[in-house]
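Single-structure report; data block below.
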Amino acid sequence: MVSLLSRLMVIAAVSISSFSFADNLPDLKGRTILAVTENAYTPLNFVDPATGEGIGWEYDAMNEIGKRLNANIEWHLSSWDTMIQAVKQGQYDVGMDGITINEERAAQIDFTIPYMTSQQFMLVRADEKRFNDAKSFAANPDLQFGAQAGTTNFYVAVYDVLDGDENNSRITLLDTFGASVQALKSSDVDSVLMDAASARGYIGANPGAFKIVGGPLGSEDFGFILAPGSDLVKPINAAIESMKKDGTLEALNKKWFFDYNR
């Protein structure tokens, strides 16, 4: 059986060999690409409190991909629990929400090559003193995680911190990622797992409210999702590679993870 990593390497190799990185990227001739996100995963996608518009790392990255491919990006919103199915069915061309590349999802939809690699960390309230890592959290039955069902955050909580029971009552299920963070802030849960970039975003946006405890819990690659067999996979991969090569992705990291103040 060909592994997911091998499949991604093949996709990347085909993309790289088919298109150059400079001025010879594929020309989509003004095609409209229907892009969908959730607006609930700071700083990748969220609502600008000043304008009410969706902004973030993924918005900037996809808009730049559109420019490089001569395509128009038309933005739409969807809840996390329906997004993958909606893309699979062709309601949208490309989806994004810090979506981790894994075998289960790759069996349903196509992924681009990774645009970001991240690890999970425990975000807690700034005054938390009852635990300082995953082991001490797991040892205290009174402590509660907040998470969305079916997300990487949920599965890491279940399998890397707790007992492997997906029905464990120590996980409070929330509808959105932002709701999980709000539940943490209001002391309804005691920790939320998230990648380091998002954790920095929430800490920066809420001075004195949050901190990270313990070390990294696993590693994950984020990719854009597309319908199976989409003809956009190769062009978008080529654009991602060009953005890696010329430093655009690193500039987006600096803008959204370090410089932006919500």
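Nonpolar atom fraction for segment 118-221, defined as the carbon and sulfur part of the 1.4 Å probe accessible area, stands at 47 percent.
Over segment 118-221, Cα pairs under 8 Å with separation of 6+ residues give a relative contact order of 50 percent. The mean accessible area for residues of the chain, using a 1.4 Å probe and ignoring ligands and nucleic acids, is 45 Å² per residue. When both bridge partners sit in the chain, DSSP labels roughly 60% of those beta bridges antiparallel.
Under the criterion of Cα pairs below 8 Å and six or more residues apart, the relative contact order for the chain equals 29 percent.
For the chain, the fraction of alpha-carbon pairs lying more than 24 Å apart is 48 percent, rounded to a whole number. Projection of the Cα convex hull of segment 118-221, averaged over all directions and equal to a quarter of that hull's surface, yields 5.8 nm².
Using the structure shown, select from Lys129/Lys255; Lys88/Lys245; Lys88/Lys254; Lys67/Lys244 the pairs with a Cα to Cα distance greater than 25 angstrom. Pairs exceeding 25 Å: Lys129/Lys255; Lys88/Lys245; Lys88/Lys254. Under the shape rule built on the C-alpha gyration tensor, where the axes satisfy a ≥ b ≥ c, segment 217-258 is oblate, since a/c reaches at least 1.5 while a/b does not exceed b/c. I need to check one value: relative contact order of segment 19-112, counting alpha carbon pairs closer than 8 Å and at least 6 residues apart, in percent. Computed value for segment 19-112: 34 percent relative contact order.
The ellipsoid equivalent to the alpha-carbon distribution of segment 67-162 has semi-axes of 34, 15, 13 angstrom, derived from the gyration tensor eigenvalues as √(5λ) and listed largest first.
The values are calculated or read from the model by the stated rules, or taken from the named source; none is laboratory data. Just so you know, these numbers come straight off a predicted model, no measurement behind them. Accessible surface is based on the protein model in full, side chains and every heavy atom, while ligands, DNA and RNA are left aside. Shrake-Rupley method; radii C 1.70, N 1.55, O 1.52, S 1.80 Å.
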